[in-house]
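Report on the structure given below.
The values are calculated or read from the model by the stated rules, or taken from the named source; none is laboratory data. Remember, predicted model here, so these are calculated numbers, not experimental data. Cβ sites come from the backbone with ideal geometry, for glycine too, and all protein chains shown count toward neighbours. Quick note on the areas: whole protein, heavy atoms, side chains included, nothing else; ligands and nucleic acids left out. Shrake-Rupley method; radii C 1.70, N 1.55, O 1.52, S 1.80 Å.
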Amino acid sequence: MSPDELRAAVRRFVEETVLPQVDAWDRADDLPDAALRKLVGLGLTGALVPEAYGGPGLGVADLAPAWRALSQGWISLTGAVNPTGLATALLVRHGTDAQRERWLPGIARGEVLASFSITEPQAGSDIGRIETSARPRDGGGLILDGEKRWVAGGASSDVIFLMAEVAGSEKPSCVVLPADGRESATWRVTDLDKVGYRGVESAAYAFDGHEAPGAEVLGGEAGAGASQMLDALDVGRVNVACRALGILDRALACAIEEGTTREVGDGLLGEHTHAQLRVGELLARRSVIEAAIERAARAVDERAPEARELSTAAKIVASDTAVWAVDRAARLAASRSYAAGDELARLRRDAPQTQIGEGANDALLLALAKPALQAS
């Protein structure tokens, strides 16, 4: 399936399946398995797998329009497919030949879904505070201790890529952990409830001497986990930026609907200057964000030196704008936007997730600023 065909298929899915049901899914905090399987069947989770391993070998720039279209329906769906894309990037860029052979063909066929885990109770964006540990197990594999938080898809994925301190290395590593043994006495899983971004599994893990015979260090060498996982997050930040852009699209659509259908005095709301200004602002900022995402996606595909800065910038600006856009549209909709079941009410809860996912915006701003200040 070409990128254009994929985007068209996603749009049909959003129009025919998601939009008629998203309010009920959001209320029930339920992303139906059938919906996720439809996305897997369309090839969204395996799209980044190279042709040599059975995938189509698409790039992030190819996928961005489909991620945006999906987010116009529900960002929870876009978030649900993201971790497998991160895992694919990790394997392609940093895995051993054996690790690629073990996991990539299954991802390409839609038989393997992955999770990605850095965050811990005491360590959000501060990788230096990671405490989860892994030590060698007699007979092969690793023994894990520690806690993880906000593991997307963490209750049902087939493999987890998680950051941990591996014995013998001073720096953290990326551990490839098969899901065998999950929800046991030594690997406890709990679900984290959320105000928005509902439906997506957001799990907490607690490891207590958990023996994982099939676990191994990504790339076979301990101590490279921080650089590997931050590298993959360049892909994830474009995904999050596309979620924000999808929210902006829907906020604009709501604003235009209000302007063209709501009567105020003797005319329509959209005939008033203040409404026109707000719609104009939304259109202008959307155009800039579209360009930023496109440029960042190309840089990530090319693994250009500026990919980190561009993907981070696109994510920050797009997410902050999504929150702003919902507020502007809600001002036109007034009290309706605060009613349970209204689309803007849901977007008001979902938009802030994009300011947090793949790195909280303030932490990312600090990361952007430090190299510039040090170079002065």
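Rounded, prolate or oblate: pick one for region 161-258, where a ≥ b ≥ c are the square roots of the eigenvalues of its C-alpha gyration tensor, a/c under 1.5 means rounded, and failing that, prolate if a/b is larger than b/c, else oblate.
oblate
With each label point set 7 Å from Cα along the Cα-Cβ vector, what nm distance links Arg109 and His274?
Spacing of the two 7 Å Cα→Cβ label points: 6.0 nm.
Report the one residue of Val240, Val40, Ala215 whose Cα lies farthest in the direction of the positive end of the charge dipole of the chain (charges on C-beta: Lys and Arg +1, Asp and Glu -1; origin at the Cα centre).
Val240
Could you give the angle, 0 to 90 degrees to the nearest 10, between helix 33-42's Cα long axis and the longest principal axis of the Cα atoms of the chain?
90
Does anyone have the angle between helix 273-302 and the longest principal axis of the chain? Alpha-carbon axes, 0 to 90°, nearest 10?
Approximately 30 degrees, to the nearest 10.
Rounded to two decimal places and with Rh computed the Kirkwood way over Cα pairs, what is Rg over Rh for region 226-354?
Rounded to two decimals, Rg/Rh equals 1.09.
Among all the aspartates and glutamates, which ones have a C-alpha under 17 Å from Lys171's C-alpha, if same-chain residues fewer than 8 places away are not counted?
List returned: Glu120, Asp126, Glu131, Asp145, Glu216, Glu221, Asp231.
Highest GNM mean-square fluctuation, the chain, Cα pairs closer than 10 Å: which of Ser337, Ser169, Ser76?
Ser169
What percent antiparallel are the DSSP beta bridges of the chain, to the nearest 5?
85
Compare Gln99, Gln355, Gln122 in a GNM of the chain, Cα atoms joined below 10 Å, and give the one with the largest fluctuation.
Its mean-square fluctuation being the largest, the pick is Gln122.
Of all the accessible heavy-atom surface of region 280-371, with the other protein chains kept in place and a 1.4 Å probe, what percent is carbon and sulfur?
So the carbon and sulfur contribution to the accessible surface is 57 percent.
In terms of Cα to Cα distance under 19 Å, which lysines are near enough to Lys315, apart from those fewer than 8 places away along the same chain?
Qualifying lysines at Cα under 19 Å: Lys370.
Given a Förster distance of 45 Å, report the FRET efficiency between Ala367 and Asp266 from their Cβ-Cβ distance, rounded to the nearest 0.05.
Efficiency, rounded to the nearest 0.05: 0.25.
Computed FRET efficiency, Cβ-Cβ of Ile356 and Glu211, R0 30 Å: what is it to the nearest 0.05?
With a Förster radius of 30 Å, E is 0.35.
Can you tell me which of 197-208, 300-311, 267-278, 157-168 comes out highest on packing, and rank the rest after it, using the mean Cβ neighbours within 10 Å?
157-168, 197-208, 300-311, 267-278
By the gyration tensor of its Cα atoms, with a ≥ b ≥ c the square roots of the eigenvalues, what is the shape of region 202-252: rounded for a/c under 1.5, prolate for a/b over b/c, or oblate?
The shape class here is oblate.
Explain nothing, just the number: relative contact order of the chain, from Cα pairs under 8 Å at least 6 residues apart, as a whole percent.
For the chain, the relative contact order is 16 percent.
Provide the FRET efficiency to the nearest 0.05 for the Gln21-Leu192 pair, computing r from the beta carbons and using R0 = 25 Å.
0.60
Where nothing but the Cβ of Lys and Arg (+1) and of Asp and Glu (-1) is charged, how large is the charge dipole of the chain around its Cα centre, in debye to the nearest 20?
Computed about the Cα centre, the dipole is about 520 debye.
How far is the Cα center of region 188-236 from the Cα center of region 158-176, in Å?
Between the Cα centres of region 188-236 and region 158-176 lies a distance of 9 Å.
Mean separation of Cα pairs under 8 Å and 6+ residues apart, divided by the residue count of region 286-350: what relative contact order is that in percent?
Relative contact order, region 286-350: 22 percent.
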